[in-house]
Each structure stands twice: as structure tokens, then as C-alpha cells.
Amino acid sequence: MSAEELYVYAAIGLLTVCSLLTRAGFAVFGDYLPLPDSLRRALRFAPVAALTAIIVPEILPWTPGEGPRFDIRLLAAVVALLVFLRTRSAVLVIVSGMLALWGLRWIVG
């Protein structure tokens, strides 16, 4: 095994260990390392913040020098949001959002 291969395998191994420790750390060591209440309250918003960070750049693509530009994905997201507010069904949100996106793409061309 060459030094380059050893480096790659060692990097993969260390990244795996780091990922396991950070993801499973709270489940394994949570009883022994209690978190302060302020941190627990802050962690409640982590999933919402992560979803927002993923979804907003897709809905409003940012063009350098121009800022965010309008895209039909925004209209499809509004349709999906309205369906969610009406039905509270995750499946219908996905189906309606995709149908709206495909329909708008077909109309726009």
C-alpha cells in the first residue's frame, strides 16, 4: 500500500470516527454530560435552521451582482405551502409542489 492510499484510508477512517462521535455522542453520553437548559432550547431550532438553509437558496437563486432572482420554483413552493396550511399532509405537500413545478415548467417551456 502506497503512502497516498494510506493517507486516503486514514482520512476516511478519521472522518468516520468524527461523524460517529458527533452524531451519536448525545445518545451515548447524554446522561453523563447534561446540557444547560439554554442550550437545549437553542437546539430545538436546529432542524428548522438547517431546512431553511437548504431550501431558501433553491427557491431564490442568488445571482452575483444582482441579488436573488425570481424563479418558478418559488411559485411551486407557495403552492406547496398553501396545501400544507390547508391539509397538514406531508405527502400532499410533496405531490402538489412537484405537480406545480412540473406544470409551471411545461407552461413556461
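The values are calculated or read from the model by the stated rules, or taken from the named source; none is laboratory data. In this text the structure is predicted, and so the values were computed from the model without any measurement. Heads up, the Cβs are rebuilt from the backbone with ideal geometry, glycines too, and the neighbour counts pull from every protein chain shown.
Okay, here's what the table says:
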| read-out | value |
| --- | --- |
| From the options THR87, THR63, residue that is at pLDDT 85 or above and of a type in the set (Val, Ile, Thr) | THR87 |
| Any hit, region 63-76, residues being without any contact (Cβ under 8 Å) to a residue 60 or more places away in the chain, on the phi > 0 side of the Ramachandran plot and more than 16 Å from the chain's Cα centre (by Cα) | yes |
